[in-house]
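The values are calculated or read from the model by the stated rules, or taken from the named source; none is laboratory data. Not measured: the values here are computed from a predicted model. For neighbour counting, all protein chains shown are included, and Cβ atoms are generated from backbone atoms with ideal geometry for every residue, glycine included. The area values use the complete protein model at the heavy-atom level, side chains included, leaving out ligands, DNA and RNA. Shrake-Rupley method; radii C 1.70, N 1.55, O 1.52, S 1.80 Å.
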Amino acid sequence: MTLHQPIALPRAPAEDGAAIFAFSLRRDSTPARRVALIGGFAPRKCGIATFTTDVFEQLSAHQRHVAVDVWALRDPGGPDPDARVRATIRSDDRDGFLAAARAINAEGYDAVWLQHEYGIFGGECGALVLDFAEAVAAPLIVTLHTVLTEPSPAERAILERLVALAAQVMVMSRHARDLLIERYAVDSARVTVIEHGAPERPYGRREAFKERFGWGERKVLMTFGLLGPGKGIETMIAALPAIVARHPDVLYRIVGATHPNLVASQGESYRERLEALAAELGVTANVAFDNRFLDTEELLDQIEACDIYVTPYFNLQQSTSGTLSFAVALGKAVVSTPYVHAGELLADGVGTLVEPRSPEALSDAVLGLLDDPARLEEQSRAAYERGRATTWPRFAEAGAALIESVAVHAPALLPSPSDTPALTAVEAMSDATGMLQHAIGIVADRRHGYCLDDNVRALILMLRAEAHPRAQREALATRYAAFVQHAWNPDRGAFRNFMNFDRTWCEEVGSDDSNGRTVWALGLTVEHGFDGDWRAWGRRWFDIALPAMAGIESPRAIAFAMLGCAAALRSGSDNDKARDYLEVGAAVLHSLLAAARRPDWAWFEAVLGYDNPRLSQALIEAGELLGRAEWRREGLESLAWIARQQVSASGHFRPVGSEGFGREYLALPFDQQPLEAWAAIDAAAAAHAATGEASWRDHALTAYRWYFGANDRGAVLADLATGRCRDGVTPRGFNENCGAESILAFQLAHYSIAALLRQAHHTGAGTRIGLGALASAGLANSR
């Protein structure tokens, strides 16, 4: 990727991890919307490049509140970019696409508008487009220039994935829209038809332009485009003898350079065959080749000078022809084969449609117009009137409306942390066995049964949800604690995780992470149990479970168990095993961080996963409790780094998406999970407790706002009245399901932020937060 203007990036964190949240990159006097436009661009000579250039110019001319930056695709060895482009991306460079996506994310655009055609992106069938689209955070608009009726498996897979990542799909024909809905199962609400734009020029200047080009009173037929066998030019040349017999002065102009791919493989042999065919048929004087790719203004002038525009294409699946739109808008009579775009645009007498590969049909249609000047004029005027609906001002208006339809609007003031979420959703997902995992919409899905992970999170929530009556919380906590007990497999010395709805276990031993998470919950029970009996229960099972963590190497499992050990130690109990594990675990995390660190990657592993801030949180808490300043510092520095990865250019929370989990040195924006916001809040609270720095409180507030619409799609996930939370933010909005993990993550995040704000209030003027600060953070009391 080559940038043609410098991009400001978020500044690096301070050495102690403080004051890291100056992320806004928006410029002064910013237009209402900023768009990154992706596609070929002038001077590249192809239809997509011409279209992208037109979109840029017409939006700039007619919708001045939309600022467009062009990120132009460039083939290896291709021409230097137009000076108007923001940056170039090599079409065969995966790293370049990823770098472009990161830079675009850093700019904070309101939308990204991508032009798609299989042949303009590198990889098999243009698969590199997916590397870019998956990494883009702003709402993605995809213009599909080709929608295949019978795609190959690779072509179908690419299109389906690209459409799944798009907030809106734009096509230029109703046929393409119907194909997407019927054959690709795309939701009709996400498909917008905007007809190809066309120039706005006066009608009836044909003779003046003929005079300019020196064609006198000859009858001029014209075809334009990159020359290749699919254009059907040979059929039109074969039709000429019959036309010339009645109109000897007719001139058929074949305008356009030979397709570069054809030149590379065959040279100019195709053009030479056409010339030979014209000579063989005795019409050489009636055929003129103009072997150039014309700029738009000259092309329009030449179209104005012709009497009949001809598109005898063989490929009837072609969904768009920019020059056909131009010809209609300029008031040209058109004779065409019935490919998709022509069939729609030329309907109702606007043009004449003929069967493909038929010289007789072409000659009859052309003669029918040349022999009847009144009919020729009638069709020309019908075309001009039809073209008024596709002029560039109309196109630009529709394009701006499309951009506005996907742009994210800032959320209104958010609920105050003093507004307590109800436990309705928690109870609805719970039964006598424990908490069910998944939901369909808002209703529990029994088919997937239960898991230990959610039941230990639910146990933690009952210990923390002090706004609700103890009797209610304790009754629920007993169910979850019983699930924990039952999950223990004494024969294997570890907890099981997944249970069917019929209470049969799916496994003998659960994941390392689920075992570590259970140790965490048990440690918190030791620290925050309802009474002495609950704390004793927690100690008993903590002492049973902790030895099972010996030898486990999963960094997150280690971090979860460390958090449990820290909680047990904070309770005042003298637990040598907890202290030893906390020290060993911190040493492991310290070693991992030292081994994986590189200049642009201050993290414990070469990959990111779920619950990332828990690693830093565990190191901070270990450093605090054990008096190890280097662990505290490393925890803060690594947390500062992951926090920077999880805040957008406009300042809202953008958790690492699940699509990027496990991919080396790569963070993707979707799908975003509620668990990540809770982890960020808890870790920021630990950093705030360790440093007193207000920036950590601010980061926690940023993460909390994510639940209420301050996210990449403006999606409101959480509902205080029921305590529900949607399952995440996707490229298309939110996941409608409300599963246990999401509900619990939101509720726990709520109690974490409330506790943090109480702590901040009591630590002095430097970090005190009152109603004014809450209002500025968008957290004013809604009641």
Y309 is checked against (1) aromatic (F, W, Y); (2) modelled with pLDDT under 95; (3) open to solvent by less than 20 Å² (accessible area, probe 1.4 Å) and fails just one. What number does that condition carry? (2)
Checked pairs for region 205-220, first within 19 Å of P373 (Cα to Cα), second surrounded by 15 or more Cβ atoms within 10 Å (Cβ to Cβ) and aliphatic (A, V, I, L, M), C-beta under 6 Å and 6 or more apart or across chains, list as F209/A305; K210/A305; R218/L251; K219/V250; K219/L370; V220/L251
Flag if V607 is open to solvent by 30 Å² or more (accessible area, probe 1.4 Å), in contact (Cβ under 8 Å) with a residue 12 or more places away in the chain and not in a helix (DSSP H, G or I): yes
Residue check, F209 against (1) at pLDDT below 95; (2) within 19 Å of D307 (Cα to Cα), all met but one. Which one? (1)
Can Y109 be described as open to solvent by 10 Å² or more (accessible area, probe 1.4 Å), among the aromatic types (F, W, Y), in contact with a strand residue (DSSP E or B) (Cβ under 6 Å, 6 or more places away or on another chain) and touching a residue at least 12 places away in the same chain (Cβ under 8 Å)? yes
Any chance region 526-543 includes a residue that's aliphatic (A, V, I, L, M), in contact (Cβ under 8 Å) with a residue 60 or more places away in the chain and open to solvent by less than 40 Å² (accessible area, probe 1.4 Å)? no
Within region 456-478, tally of residues that are closer than 19 Å to A545 by Cβ and surrounded by fewer than 20 Cβ atoms within 10 Å (Cβ to Cβ): 1
Among what's in region 742-754 and is touching a helix residue (DSSP H, G or I) at 6+ places or on another chain (Cβ under 9 Å) and either of a type in the set (A, V, I, L, M, F, W, C) or more than 16 Å from W706 (Cα to Cα) (or both), pick the residue that is surrounded by the most Cβ atoms within 10 Å (Cβ to Cβ). I743
Region 415-431, subset part of a loop (DSSP other than H, G, I, E, B) and of a type in the set (D, E, K, R), residue nearest to A477 (Cα to Cα): D431
If you go through region 691-714 one residue at a time, do you hit one that is outside any helix (DSSP H, G or I), of a type in the set (A, V, I, L, M, F, W, C) and buried (at least 24 other Cβ atoms within 10 Å of the Cβ)? yes
Pairs with Cβ under 7 Å, 6+ apart, first in region 265-285 and in contact (Cβ under 8 Å) with a residue 12 or more places away in the chain, second part of a helix (DSSP H, G or I) and of a type in the set (S, T, N, Q): A278/T284
Any chance you could count how many residues in region 486-503 are more than 16 Å from P547 (Cα to Cα) and among the polar types (S, T, N, Q)? 2
Under 9 Å between Cβ atoms, at least 6 apart or on separate chains: pull out the pairs that start in region 360-373 with a residue that is farther than 17 Å from V350 by Cα and end on any residue that is surrounded by 17 or more Cβ atoms within 10 Å (Cβ to Cβ) and among the aromatic types (F, W, Y). none
Checking the structure you have, find out if any residue of region 583-601 is of a type in the set (S, T, Y), open to solvent by 20 Å² or more (accessible area, probe 1.4 Å) and either farther than 19 Å from R539 by Cα or touching a residue at least 24 places away in the same chain (Cβ under 8 Å) (or both). yes
Scan region 194-212 for residues that are exposed (fewer than 15 other Cβ atoms within 10 Å of the Cβ) and not in a loop (DSSP other than H, G, I, E, B) and jot them down. E207, A208, E211, R212
Test of understanding: among E621, E637, E664, which residue is in a loop (DSSP other than H, G, I, E, B), of a type in the set (D, E, K, R) and farther than 18 Å from P731 by Cβ? E664
Of the residues in region 238-285 that are in a helix (DSSP H, G or I) and of a type in the set (S, T, N, Q), the one that is modelled with the lowest pLDDT is N261
S188 vs. criteria open to solvent by 20 Å² or more (accessible area, probe 1.4 Å) and among the polar types (S, T, N, Q): yes
Mind counting the residues in region 158-182 that are among the hydrophobic types (A, V, I, L, M, F, W, C) and either under 15 Å from V129 (Cβ atoms) or open to solvent by 30 Å² or more (accessible area, probe 1.4 Å) (or both)? 9
